[in-house]
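S.K.: Dropping the structure in here first, questions after.
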Amino acid sequence: MDDVTLVAKLDADTTVYVSPMHDCTYQEFVENDTLGGSAGYFVTRQRHNSYEVLAKAANLDAAREIFALITNGARIAS
């Protein structure tokens, strides 16, 4: 898996990330393991002091497409 991180600041309080997630971070932020483990790429959002997983993609191409949908949608909505 490539160690790739995509970052987009959507507004003054919200940042979206796409990246692989370390096992320890996964255990800390994913309470009930309904996402199938830490393998893959995670679309996460940091808003104010809150950090949450929005989606998980099996590969980098899918993760980039989700990221583009979110970031392009934010530009259109602004």
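S.K.: Using Cα springs under 10 Å in a Gaussian network model of the chain, which residue among E28, E65, E52 shows the largest mean-square fluctuation?
M.R.: Its mean-square fluctuation being the largest, the pick is E28.
S.K.: May I pose another question? Once every DSSP H run of n ≥ 4 in the chain is given -39500 (n - 2.57) and the sum is divided by its residues, what mean residue ellipticity at 222 nm do you get, rounded to the nearest 500 deg cm²/dmol?
M.R.: -10000 deg cm²/dmol
S.K.: Could you line up V43, V30, V18 from fewest to most neighbouring Cβ atoms inside 10 Å?
M.R.: V30, V43, V18
S.K.: Compare A58, A68, A12 in a GNM of the chain, Cα atoms joined below 10 Å, and give the one with the largest fluctuation.
M.R.: Highest fluctuation among the options: A12.
S.K.: Given a 10 angstrom Cα cut-off, can you work out which residue in S38, S19, S50 is the most mobile in a GNM of the chain?
M.R.: For the chain, modelled as a Gaussian network with Cα springs under 10 Å, the answer is S50.
S.K.: What residues have an amide H closer than 5 Å to that of S38, excluding those fewer than 5 places away on the same chain, when H is modeled at 1.01 Å from N in the peptide plane?
M.R.: For S38, no residues qualify.
Each value in this text was obtained by applying a stated rule to the coordinates, not by laboratory testing. Because the structure is a prediction, the values reported are computed rather than measured. We place every Cβ from the backbone using ideal geometry, glycine too, and count neighbours over all the protein chains shown.
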